[in-house]
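Notes follow the structure.
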Amino acid sequence: MQNHYHFYEPLKGHGLRHDPISSIVGPRVIGWIGTQDTAGNPNLAPYSFCNIFNYQPPVIAFSSVGYKDSVRNAIETGVFTWNLASRDLAEPMNQSSTMQAVNEFEFAQLTPIAGQLVAAPRVGESHVSIECKVTQHFQLTDHQGEAIDTWMVLGEAVGVHINPALIKDGIYHCAAGRPILRGGGPGDYYEINDDTLFDMRRPK
């Protein structure tokens, strides 16, 4: 059966209308990253290469294709915030991805709120914000050890702000936050909702 699969080697091209790998490994949570530079100027940008990689302490990472402001600010100040990109904030989130030299909070008409434990702004309209302190950062390499123009930043979550409307019977209700995920393609996004929920426990 697999002999009929579409096979390609990424370095030689995929032969399709759009690179499929970011759709295959997905949909991907959006890291809506708030930082400020050493002069105190705020920055906000979404990254779809993002996830959580540990329970205790919780460690969140995002990577950037190119050494962009979020990476530089996080490395130089040692902190950043992760903010939930929800369906009601999809358009402002998209606006904050602008490459123009502007204050993204003002451009997207969002409210910066100072972190409680870190010197980085969080999104006032977001239903969840996580304050992080940088633990590691590094440049990615290919399998031959050659550096590529992509940078990863990992941070320990030291403070979490949750809208109480998302907590039911002491449990955070993921779908209630209406998180949006990047699905690949030119502009594909998905929203999590309870219609696709199913329960499955680990075997003992």
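Read-outs throughout are calculated quantities, based only on the coordinates presented, and are distinct from any laboratory measurement. These figures come from a predicted structure and were not determined experimentally. Cβ: placed from backbone, ideal geometry, glycine included. Neighbour counts: every protein chain shown.
For the stretch 121-142, the tally of residues that are part of a strand (DSSP E or B), touching a residue at least 24 places away in the same chain (Cβ under 8 Å), among the hydroxyl-bearing types (S, T, Y) and farther than 11 Å from G78 by Cα stands at 1.
Restricting G159, G170, G155 to those that are surrounded by fewer than 16 Cβ atoms within 10 Å (Cβ to Cβ), touching a strand residue (DSSP E or B) at 6+ places or on another chain (Cβ under 8 Å) and not β-branched (V, I, T) reduces the list to G159.
For I113, state whether it is in contact with a helix residue (DSSP H, G or I) (Cβ under 6 Å, 6 or more places away or on another chain) and not in a helix (DSSP H, G or I). Taking the combined requirement at face value, the residue does not satisfy it. When the residues of the stretch 173-187 are filtered to those that are in contact with a helix residue (DSSP H, G or I) (Cβ under 7 Å, 6 or more places away or on another chain) and in contact (Cβ under 8 Å) with a residue 60 or more places away in the chain, the one that is surrounded by the most Cβ atoms within 10 Å (Cβ to Cβ) is I180.
Of the residues in the stretch 66-73, not one is aromatic (F, W, Y) and without any contact (Cβ under 8 Å) to a residue 12 or more places away in the chain.
Residues that are hydroxyl-bearing (S, T, Y) and out of contact with any strand residue (DSSP E or B) (no Cβ under 6 Å at 6 or more places or on another chain): does the stretch 87-105 have at least one?
Within the stretch 87-105 (the criterion being hydroxyl-bearing (S, T, Y) and out of contact with any strand residue (DSSP E or B) (no Cβ under 6 Å at 6 or more places or on another chain)), the answer is yes, since at least one residue qualifies.
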